[in-house]
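Everything on this sheet refers to the single structure shown next.
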Amino acid sequence: MKSSIATCGFALTAALALSVSAAMAAETEAKALPTLLIKGEVVSLDTSDQTGTLLKVKDRYGFETPIFVTADTKVTQGDTATALSNVTAGSPVEVEYNFDVNTAKRHAVSVKLAAATAAPAAPAPTASAPAPAAAPAPAAPAADAAQAATPDAGSQPGAQPAVPTPAPAEAPAAPAQQDTAPDVQ
C-alpha cells in the first residue's frame, strides 16, 4: 500500500511538472514580438514575390530594409486609410514592423505615407508689416552749401547754372615709412 501511494504521488508530481512546462511554453509563444520603426524612402514594392508582397525601404544611412506586407497591414496616408497601390518608389514612409527571429523576416504592422500636400500658393503680402522702403542716399554737405550760396541762374545774365559737385573723397593713407638707415660697410 505504501508503494502504491508513493507511485501515485510520483505520477501526480510528474503530471504537474509537465503541465507547468507546457503552460510556460505556450506563454512564450503567445508573447507579442516587439514593434520596430523605420523611417525612410520607398525603394520598391514587389508584388511578384511568391512569399508575399515585399516593400524595400531605404533609411537615412542608405541601408535598404526588406519588409513583408500582409493583408493585415494598415496602410495610411496622413490620417486616412489608403490602398497599398498608392505606395510608390521615392515617397517618404514610416513602417512599423515585427522582426521574427525564427525566420529572420520583418512583417509590417503599419505603413504610413506622408500626407498629400497641395501646391504651395504664392506668398501673399501682409498688410501688418509693410516692406521697408529704400532709404535715399545722403546728399553731400558741400554740394548743398554750394547750391544755397549760388544765386539762381536766371537772376544773373550769362551765368551758368550751378552743378552740384561731388564731395571730395578721403585722402589715401600715407605709405608706410621704410627704414632709411645708412648702409654701414
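Structure above, values below:
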quantity: Euclidean distance of C-alpha centroids, the stretch 41-72 and the stretch 81-117, integer Å; calculated: 7
quantity: Accessible surface of the stretch 43-117 [probe 1.4 Å, protein heavy atoms]: carbon and sulfur percent; calculated: 49
quantity: Full-extension gain in nm, E94 to T76, via 0.36 nm per residue minus C-alpha separation; calculated: 5.5 nm
quantity: Pairwise label distance in nanometres, N102 with A116, each label 7 Å out on the Cα-Cβ vector; calculated: 4.1
quantity: Label-point separation in nm, F63 to Q50, each point 7 Å along Cα→Cβ; calculated: 2.9
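The values are calculated or read from the model by the stated rules, or taken from the named source; none is laboratory data. All figures in this text were calculated on a predicted structure; none of them were measured in a lab. For neighbour counting, all protein chains shown are included, and Cβ atoms are generated from backbone atoms with ideal geometry for every residue, glycine included. To get the accessible areas, we keep the full protein, side chains included, count just its heavy atoms, and leave off ligands, DNA and RNA. Shrake-Rupley method; radii C 1.70, N 1.55, O 1.52, S 1.80 Å.
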